[in-house]
1. Among the residues of segment 151-206, which ones are within 13 Å of ligand 2 (Cβ to nearest atom), hydroxyl-bearing (Ser, Thr, Tyr) and either under 21 Å from Thr262 (Cα atoms) or open to solvent by 10 Å² or more (accessible area, probe 1.4 Å) (or both)?
2. May I ask you to verify whether Asp231 is among the acidic types (Asp, Glu), more than 13 Å from ligand 1 (Cβ to nearest atom) and either at pLDDT 95 or above or crowded, with 18+ Cβ neighbours inside 10 Å (or both)?
3. Can you say whether Arg291 is over 25 Å from Ser17 (Cβ atoms), among the basic types (Lys, Arg) and within 16 Å of ligand 1 (Cβ to nearest atom), as far as the supplied structure shows?
4. Residues of segment 64-118 being open to solvent by 30 Å² or more (accessible area, probe 1.4 Å), more than 10 Å from ligand 1 (Cβ to nearest atom) and either among the hydroxyl-bearing types (Ser, Thr, Tyr) or not in a helix (DSSP H, G or I) (or both), which ones?
5. Confirm whether Gly13 is open to solvent by 30 Å² or more (accessible area, probe 1.4 Å) and not hydroxyl-bearing (Ser, Thr, Tyr).
6. Return the total of residues in segment 128-146 being within 13 Å of ligand 1 (Cβ to nearest atom) and surrounded by 21 or more Cβ atoms within 10 Å (Cβ to Cβ).
7. Scan (1) out of contact with any Gly (no Cβ under 7 Å at 6 or more places or on another chain); (2) over 18 Å from Thr324 (Cβ atoms) for the single condition Asn220 breaks and write down its number.
8. Taking the residues in segment 245-283 that are polar (S, T, N, Q) and open to solvent by less than 30 Å² (accessible area, probe 1.4 Å) as candidates, determine which candidate is nearest to Val77 (Cα to Cα).
Amino acid sequence: MNALVTGGAGYIGSHTSLALLRQDMDLVVVDNFSNSHPEALARVKALSGKDFPFYEGDVCDATLLDRIFSENAIDCVIHFAGLKSVGESVAQPLRYYENNLISTLRLLQAMGAHQVKRMIFSSSATVYRSDSPMPVDESAPLGCLNPYGWTKFMCEQILRDAAVADPKLSVVLLRYFNPIGADSSGQIGEDPDDIPNNLMPYVAQTALGIHKHVNVFGDNYNTPDGTGVRDYIHVSDLADGHVAAIAYAMEHTGSEAFNLGTGVGYSVLDIISAFEKANRVKVPYVIGPRRRGDADAVYSNPDKARRLLGWQAKKTLTDMCRDTWSWQQKNPHGYRTGS
Ligand code: NAD
Ligand code: WQD
């Protein structure tokens, strides 16, 4: 099995590349480092003890894709490459639509030209309508609140249509909930290049003293302690979900969407106190106003992935907090540490 991993230097792509190599699969990575660092790939190679071909470039570049598919016998594409910041997508919608849609279209066109029939796509829980009853399952109505979300919604539709048109195509749409954590080695992890927008990297940087306190965005939500509830999933469990998705794509055609979550919701205050307890550190916080567009609670019904992929998340919130802290302590400035 030889997988083309687009965006393989990124947070989820690097952990999935490592999981694939540990399963003795072959891979080829393409990334333009628009939101990542070459050091991530060096560490994936070191951790796995394996090498793989790498192409630096843009997945929207049809000539590059033709070269990659000509030079490698690809069985399956795992498409992580994409821009993912919600706020940035509101400010720069055209850049988001261009990058996320054109990359997906070019990949499908190159796959068609080279007879590659399997695609695993990084979708998101953000495609579900914000008023969906929780836990949300894959049959819930879709609808988004920002351009980033719409790019995922539109790519899903493009992929579903492509699978209707080509009955040999297999498309797996993976809707991730909130990935956090890091490989247990602490060698690879999430490396935001600015002040983090997401909760967990902000908590870890605060524990390290980079920020004075965590700003808790609102404590008057309709949740048990008033702070927002999310379905946090360890990135290594998420990576294993891709290994299971490849096995599924080998056996099935058509398109299918799966939630990748734990099914359990934790509040912002749960996360802060779990992080303090797991790592014996203090995480000061201040309750502030709500962040625009945030929902009260978002958590998955993960039964479909358990039934059809034979996958379920195994790691605990303590594992997620401990592994995040190990990565943060070893790499206080991410992959730029020491360079
Ligand atoms: P990331 O930014 O760490 O990784 C994305 C990678 O793709 C980066 O290495 C970036 O350099 C690369 N890239 C972007 N556009 C490219 C292009 N046109 N050509 C080549 N490389 C390109 O993000 P991540 O957290 O690893 O997310 C991976 C995927 O999962 C994304 O599609 C994201 O939208 C989706 N997703 C992420 C989350 C999350 O919370 N992290 C949740 C749901 C879905
Ligand atoms: C989690 C909770 C915040 C930061 C985002 C995207 C989503 C998906 C994953 C890609 C919320 C609260 C946060 C902080 C806080 N990405 N919070 N203080 O918003 O669930 O999802 O990332 O598909 O599309 O929207 O994740 O980590 O930003 O927030 O209180 O400094 O933490 O209000 O309740 P979110 P998050």
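1. Residues satisfying the conditions are Tyr176, Tyr202.
2. Values: among the acidic types (Asp, Glu): yes; more than 13 Å from ligand 1 (Cβ to nearest atom): no; either at pLDDT 95 or above or crowded, with 18+ Cβ neighbours inside 10 Å (or both): yes.
No.
3. Considered against the rule, which asks whether it is over 25 Å from Ser17 (Cβ atoms), among the basic types (Lys, Arg) and within 16 Å of ligand 1 (Cβ to nearest atom), Arg291 comes out as yes.
4. Ser70, Ala73, Asp75, Gln92, Tyr97, His114, Gln115, Lys117, Arg118, listed by residue number.
5. No; evaluated as a whole, the condition is false for this residue.
6. Residues of segment 128-146 within 13 Å of ligand 1 (Cβ to nearest atom): 128, 144, 146.
Subset that is surrounded by 21 or more Cβ atoms within 10 Å (Cβ to Cβ): 128.
Going through segment 128-146 one residue at a time, the tally reaches 1.
7. Going through (1) out of contact with any Gly (no Cβ under 7 Å at 6 or more places or on another chain); (2) over 18 Å from Thr324 (Cβ atoms) one by one, Asn220 breaks only (1).
8. Asn259
The values are calculated or read from the model by the stated rules, or taken from the named source; none is laboratory data. This is a predicted model, so every value here is computed, not measured. Glycine gets a Cβ as well: all are built from the backbone with ideal geometry, and neighbour counts include every protein chain shown. Side chains are part of the model used for accessible areas, which takes the heavy atoms of the whole protein and leaves out ligands, DNA and RNA. Shrake-Rupley method; radii C 1.70, N 1.55, O 1.52, S 1.80 Å.
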